[in-house]
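Here's the structure we're looking at; comments come further down.
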Amino acid sequence: MSDVQGSFSGTRPVAPQHVFDEARLAEHLRSHIDGFGGDVHVEQFKGGQSNPTFLLTADGKRYVLRRKPLGTLLPSAHAVEREFRVIQALAGSDVPVAKAHLLCEDPAVIGTAFYVMDFVEGRIYWDPTLPGMTAAERGALYDELNRVIAALHRVDPAAVGLGDYGKPRHYIERQVARWTKQYRASETERIEAADRLIEWLPQHLPAEGATRIVHGDYRLDNVIFHFAEPRILAVLDWELSTLGDPLADFAYHCMTWRMQQGASRGLAGVDVAALGIPDEVAYLQRYLERAGAGRTVSPADWTYYLVFNMFRLVGILQGVAARALRGNASSELAVQTGRRARPLAEQAWALAQTLAR
C-alpha cells in the first residue's frame with residue numbers, strides 16, 4: 001500500500017469530463033462570497049468517487065468546490081445541497097467542519113449544483129496502518145477519530161436546526177430498501193451474494209435505536225488532521241448524512257477492521273496491537289463510553305450492522321462501477337474501485353450466515 005497516499009492525495013488537472021466555465025464561476029463567486037476577488041485557478045482533487053471536488057485559488061485564498069457530476073444520476077444521490085446544510089448547522093459545535101460559504105443550485109453557472117467552503121490546511125491519511133508513525137502517534141489519531149464521531153452522535157439534531165434532516169423512525173428498514181433500490185438501479189453484473197443479502201436483510205432487522213445525525217461515510221480519509229497535533233480540524237464528505245441510528249453509522253466506520261488491505265484500505269490481517277491501533281472490540285467499547293446514555297449493543301446486533309453496511313458499500317461500489325461505464329466517474333480509479341463489489345458482497349453474506357436468528 002505504499003502508493004496509496006500518492007494515488008489519492010493532492011490535486012491534478014481537471015478531468016475532461018468535469019471541465020466547466022471557470023470565468024463564469026469566478027464571476028458568480030465574486031458576486032456572492034465576501035472577499036472573493038481576482039481570477040480563479042481550478043485543480044481537481046485526486047480522491048473521491050462520488051461528487052467531483054476541486055481546489056479553487058483566487059487572489060491568494062483557497063477554497064474547495066464540490067459539485068454534482070454531470071449526466072444521469074441516481075435518485076437522491078450526490079446531494080450537495082444536504083452537505084451544505086449539515087456543514088452550516090454543525091458550525092460551532094463539537095464536530096469540526098469547514099466554513100461553508102455558498103450553495104448554488106443554478107445549473108447555468110457550471111452545469112450542476114455545487115457549494116463552496118473553506119480549504120482547510122492539514123493532513124489527510126489514506127492508509128489506515130499509518131506507515132511511518134510511532135505506535136503512540138497512531139493510537140492518538142484513532143482515539144481522535146473515535147472522539148469526533150461520538151461527539152457527532154451526541155448532538156441533538158433539533159438543537160442545531162436539523163430536526164427535519166431525515167425521518168425519525170425505521171432507519172435501518174428504510175436504508176435496506178433504499179440501498180437495494182440503488183443497487184438494482186446501478187447493477188452492472190449479477191452477484192449472487194448480493195441477491196441473498198437483499199432477501200436476508202429485511203428479515204433480520206435489529207431493534208430500533210436512537211435517532212441522531214449520522215455521517216454515512218465516516219472514515220480516516222474523510223477527516224483533516226492538524227499538522228502537528230492528533231486533532232481533527234474538519235470532517236469532510238457529508239453527502240450521505242441524514243438522521244438515523246448512530247450505532248449503524250459507527251459500524252460503517254468500523255468496517256475498516258474487517259476490510260482487506262490493498263484496494264479496500266482495511267486492517268484485516270494486520271497486527272494492530274503492534275502498530276498501536278486499538279482492535280475493533282476496544283474501539284467499540286471506547287465509543288460506547290463516549291456516546292453516553294448507557295449505550296450498549298448486543299453481539300448479534302453489531303454483526304447485523306456490519307453486514308448491512310457491507311451491503312450498503314456494495315451498493316455504493318456498484319454506483320461507482322456504473323458511472324465508470326458511463327464515463328462520468330469522478331476518480332480515475334473508479335473501474336478498479338467498482339470491482340470490489342463482488343468480494344465484499346461475498347464477505348457480507350458469509351458474515352450474515354454466522355447469525356442464528
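The table below lists the values:
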quantity	calculated
Neighbours by Cβ (under 6 Å, 6+ apart or cross-chain): first from the range 92-120, assigned to a loop (DSSP other than H, G, I, E, B); second charged (D, E, K, R)	A98/D118; K99/D118; T112/R67; T112/K68; A113/K68; A113/E105; F119/R62
Criterion: assigned to a helix (DSSP H, G or I) and among the basic types (K, R) - qualifying residue of R295, R290	R290
Candidates F84, F8, F36 - the one that is within 30 Å of S186 (Cβ to Cβ), crowded, with 19+ Cβ neighbours inside 10 Å and either polar (S, T, N, Q) or modelled with pLDDT under 95 (or both)	F8
Criterion violated by Q88 - all others in (1) touching a residue at least 40 places away in the same chain (Cβ under 8 Å); (2) assigned to a helix (DSSP H, G or I) satisfied	(1)
Pair list, Cβ under 6 Å, 6 or more apart: the range 205-218 residue over 14 Å from T242 (Cβ atoms), other residue among the aromatic types (F, W, Y)	P206/Y304
Of all residues in the range 246-269 being crowded, with 17+ Cβ neighbours inside 10 Å and either in contact with a Pro (Cβ under 8 Å, 6 or more places away or on another chain) or at pLDDT below 95 (or both), the one that is farthest from G166 (Cα to Cα)	L267
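The values are calculated or read from the model by the stated rules, or taken from the named source; none is laboratory data. Quick caveat: nothing in here was measured; it's all calculated off a predicted structure. So basically every Cβ, Gly included, is an ideal-geometry build from the backbone, and we count neighbours across all protein chains shown.
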